[in-house]
Structures are given as C-alpha cells and as structure tokens.
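> The structure that follows is given in the form of structure tokens.
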Amino acid sequence: MNSIAKVEAKDLDRLLKDIRACTLCAAHLTNGVRPVVRLSATARLCIASQAPGMRVHLTGLSFNDRSGDRLREWLGTSRDEFYDEARIAIVPMGFCFPGYDAAGADKPPRKECAAAWHDRLFATAPRFPLILPIGMYAMRYHLGKTAKPSLTETVKAWREYLPRYIPLPHPSWRNNGWLKKNPWFESELLPYLRTRVRGLISNGS
C-alpha cells in the first residue's frame with residue numbers, strides 16, 4: 001500500500017470510528033443506538049442496504065438473518081466471503097435499527113444518517129466498481145433522478161444503470177410474492193449479478 005493509500009485508509013478508519021460512535025438519533029431509537037456498517041479501503045463491492053433489523057441490532061452483524069441468507073444466495077457468495085470486509089462493504093441508508101411501526105413492521109431508515117454521514121462516507125471510501133442499492137431509499141440516494149417512480153420499474157430497468165449499479169429488491173421473505181410476479185429477476189438479473197460479483201471478489205475485475 002503506497003503512502004497516499006495509507007492516508008486515505010486512515011481517513012476512512014477515522015470516519016468509521018465517528019459513525020460507530022454517533023448518537024444523533026438516540027432520542028428517537030426506542031431500542032437504543034448501535035450503528036452497523038462494514039467497510040474497508042480495499043472493498044470492491046458495496047451493498048447499499050436499507051437499515052438494520054432487530055436481529056442485526058442485537059448481534060451487530062449486517063444481514064445476520066433470513067434475508068441475509070437469501071441475499072447471499074442471490075450474490076452467489078459464501079457466508080465467509082460475504083463478511084470479508086476487505087472485499088465487500090455493507091453501507092445501509094440508516095445505520096441503526098429504526099424500531100417498529102404500529103403494524104409491527106420495521107420503520108424506514110431515519111433521514112439523519114444520510115444527511116450527516118453518507119456524502120462524506122462515499123467521498124472517503126474507495127470508488128466501488130459495483131454498488132447494489134437495495135430498496136427505494138437506497139435507490140433514490142445512489143441513482144438520484146434516474147431512479148424510476150417505483151421499485152419494480154427501477155429493478156426492471158437494471159441494465160440502464162450498468163456497469164456501476166444493479167438495483168435490487170429487499171431480500172426479505174415478505175417479497176416472495178414480488179419474486180413470483182417478476183420471474184425475469186431470477187432468470188435474467190441474478191445470473192448477471194452472480195457473474196459480476198464473482199469477478200469482483202475473486203480477482204478484482
């Protein structure tokens with residue numbers, strides 16, 4: 001690692017330390033503060049997710065749940081590969097578990113995270129060859145005005161965002177119905193996704 005890279009890695013480490021110590025939303029988080037983010041200066045793939053769920057909040061490990069099992073299947077990665085920060089970054093739109101709404105579903109990511117941290121984080125992080133925005137909150141941030149009005153339209157137009165972005169629905173089991181209604185996702189998008197991911201984490205191409 002050259003001297004410039006070392007300086008950049010130090011800047012990133014310092015910023016990540018600040019993020020993990022953040023208490024900006026403490027008054028609004030009934031389950032407490034626990035920012036969860038995984039990132040290193042050498043990561044080549046960024047999973048831009050939504051917000052941690054309760055199990056992730058309790059364990060401090062991103063996608064440590066059934067949705068993570070499905071996401072790893074979509075990517076074609078092992079659990080060890082998935083959690084190798086040297087290769088894969090996981091940066092949610094909200095770093096802390098936002099709690100449950102009145103219906104018992106996870107609340108959306110709090111807006112304070114993106115406003116306070118995301119621009120600085122992605123300016124300091126390596127320029128990822130591939131970012132996977134998961135869900136509309138991440139799509140609107142990373143794809144900006146090019147995101148379509150709905151998640152389905154955005155994911156269906158995935159080829160428009162290549163080579164740097166591949167938008168994905170949330171891998172929650174609640175989306176089983178969506179997957180059945182959109183068979184092209186498994187037959188067309190996933191094979192391409194797995195090939196890209198394998199190339200990035202295997203040999204950096």
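The values are calculated or read from the model by the stated rules, or taken from the named source; none is laboratory data. For clarity, every value in this text was computed on a predicted model and none was experimentally measured. Using ideal geometry, Cβ is built from the backbone for each residue, glycine included, and neighbour counts are taken over all protein chains shown.
> Going residue by residue through the stretch 81-97, is there one that turns out to be closer than 25 Å to Leu189 by Cβ and in a helix (DSSP H, G or I)?
Among the residues of the stretch 81-97, at least one is closer than 25 Å to Leu189 by Cβ and in a helix (DSSP H, G or I), which makes the answer yes.
> Working only within the stretch 135-152, note down all residues that are free of Cβ contacts under 8 Å to residues at least 40 places away in the same chain, assigned to a helix (DSSP H, G or I) and either within 15 Å of Glu188 (Cα to Cα) or small (Gly, Ala, Ser) (or both).
The answer is Gly144, Thr152.
> Follow-up question, since we're still on this one. Can you pull out the residues in the stretch 90-133 that are of a type in the set (Phe, Trp, Tyr) and either surrounded by 15 or more Cβ atoms within 10 Å (Cβ to Cβ) or within 17 Å of Asp13 (Cα to Cα) (or both)?
Residues satisfying the conditions are Phe95, Phe97, Trp117, Phe122, Phe128.
> Continuing with this model, one more query. For the stretch 15-37, give me each residue that is loosely packed, with under 11 Cβ neighbours inside 10 Å and either touching a Leu at 6+ places or on another chain (Cβ under 7 Å) or basic (Lys, Arg) (or both).
Selection gives Lys17 alone.
> For Ser40, are the conditions met, namely being over 21 Å from Lys107 (Cα atoms), of a type in the set (S, T, N, Q), surrounded by fewer than 19 Cβ atoms within 10 Å (Cβ to Cβ) and touching a Lys or Arg at 6+ places or on another chain (Cβ under 8 Å)?
Considered against the rule, which asks whether it is over 21 Å from Lys107 (Cα atoms), of a type in the set (S, T, N, Q), surrounded by fewer than 19 Cβ atoms within 10 Å (Cβ to Cβ) and touching a Lys or Arg at 6+ places or on another chain (Cβ under 8 Å), Ser40 comes out as no.
> Give me a count of the residues in the stretch 33-67 that are at pLDDT 95 or above and not in a loop (DSSP other than H, G, I, E, B).
Qualifying residue count, the stretch 33-67: 5.
> Is the stretch 70-89 home to any residue that is crowded, with 18+ Cβ neighbours inside 10 Å, at pLDDT 95 or above, among the small types (Gly, Ala, Ser) and on the phi < 0 side of the Ramachandran plot?
Yes, the stretch 70-89 contains at least one residue that is crowded, with 18+ Cβ neighbours inside 10 Å, at pLDDT 95 or above, among the small types (Gly, Ala, Ser) and on the phi < 0 side of the Ramachandran plot.
> Quick one: which residue in Thr77, Thr30, Thr23 is free of Cβ contacts under 8 Å to residues at least 24 places away in the same chain, among the polar types (S, T, N, Q) and not in a helix (DSSP H, G or I)?
Answer to the check: Thr23.
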